[in-house]
1. Answer yes if at least one residue in the range 244-257 is touching a strand residue (DSSP E or B) at 6+ places or on another chain (Cβ under 6 Å), farther than 23 Å from GLY75 by Cβ and among the β-branched types (Val, Ile, Thr), and no otherwise.
2. Taking VAL62, is it under 30 Å from THR236 (Cα atoms) and among the hydrophobic types (A, V, I, L, M, F, W, C)?
3. Kindly list the number of the only condition in (1) out of contact with any helix residue (DSSP H, G or I) (no Cβ under 8 Å at 6 or more places or on another chain); (2) among the aliphatic types (A, V, I, L, M); (3) touching a residue at least 12 places away in the same chain (Cβ under 8 Å) that fails for LEU148.
4. Do you know which residues across the range 127-163 are under 19 Å from MET60 (Cα atoms) and in contact with a Cys (Cβ under 7 Å, 6 or more places away or on another chain)?
5. Quick test for you: out of ASP238, ASP211, ASP256, pick the one residue that is surrounded by 17 or more Cβ atoms within 10 Å (Cβ to Cβ) and either out of contact with any Asp or Glu (no Cβ under 9 Å at 6 or more places or on another chain) or of a type in the set (A, V, I, L, M) (or both).
6. Criterion first (closer than 20 Å to LEU71 by Cα and within 16 Å of the ligand (Cβ to nearest atom)) does HIS220 satisfy it?
7. With GLY102, GLY74, GLY113 as the choices, which residue is without any contact (Cβ under 8 Å) to a residue 60 or more places away in the chain and over 13 Å from the mean Cα position of the chain (by Cα)?
8. Just the residues that are closer than 21 Å to GLY124 by Cβ, part of a loop (DSSP other than H, G, I, E, B) and more than 16 Å from the ligand (Cβ to nearest atom), please, taken from the range 224-267.
Amino acid sequence: MSTAKALNTNELIFEEKCLHKPPLEELQEVLQSILTKNFANVTVKVAECPNLKTSEYGLMDVGLGGCPTLLELGGAPYLLPTVQKDKLYDIKDICRKCMGEGGKILAVGAGAGPYPLRNTNCEGIFNLSISAQDEIENGSYTAKVTGLQEDCLLEPIPDTETRCALLLNLYVCRGEPGPVLKITCKKRTGHMNFIECIRKGLYEKYQDKCDLDLRLQHFHSFSRANWGGHYHYDTTPDTVEYEAYFHVAERIVRVDKPKTTHKFGRD
Ligand SMILES: [Zn+2]
């Protein structure tokens, strides 16, 4: 494993903003009407979060509750025109600074994987818990394409590896149980993908603008069958099914925002 060091978290600029947090019941109605325009069968409910630590879901803690926070780190400008290899970050230190001393943390989301671990650029599918004593349980993966067939290779990230590269979009919370939005959708009838449909519908309703140079859409997934990576779209609209659990963040923390920016690579 390469020993390339992550940047010192204490030298990174952290910016923070409170977010408008509509009640789940209001969002239930908004999302039901948005998704019905794009999918044949849609149910949106306010429900108790299932135990997300069971093997069915595979997260590193039970729920999405407790100080729900969006953490956005770096950005696509660090990828173009040339990759800035010094943009290596320590997720554990950054999450700890974001959430304050003490208390457990669950962090899930999408970003660039720790390239020194794989000796190549890779996708990072992040899913880790940090205990009150700062112990890591890492359920994260990297995904990359390999060989002439361009097969997908999904590999677990060990507990000892807490770096990521370039950019990261995390949902960070205390991993506590509580109410969430449960969404199920079947059969896509419109042209928008699942995430895009929700994002555009929420924008239409709330028009919330943030000047933090954010990537507004980014979703990675993993499975138990070597498939995982960056979600662009579904290719089987007639048979596609989604089941999703969402909570609403009450603040956003922006870390190491690029000084010069562009609009490439935002979806
Ligand atoms: Zn991605």
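Coordinate-derived values only; no laboratory data. Remember, it's a predicted structure, so these values are computed and weren't measured experimentally. FYI the Cβ positions are ideal-geometry reconstructions off the backbone, even for glycines, and counts take in every protein chain you see.
1. no
2. The answer is no for VAL62.
3. (3)
4. Here is the first cut: in the range 127-163, the residues under 19 Å from MET60 (Cα atoms) are 127-143, 154-163.
Within the range 127-163, ILE130, THR142, ALA143 qualify.
5. Working: ASP238 fails: surrounded by 17 or more Cβ atoms within 10 Å (Cβ to Cβ); ASP211 fails: surrounded by 17 or more Cβ atoms within 10 Å (Cβ to Cβ).
Just a single option satisfies the conditions, and that option is ASP256.
6. Working: closer than 20 Å to LEU71 by Cα: yes; within 16 Å of the ligand (Cβ to nearest atom): yes.
Answer is yes for this residue.
7. Only one candidate qualifies: GLY102.
8. ARG224, ALA225, ASN226, ALA249, ASP256, LYS257, PRO258
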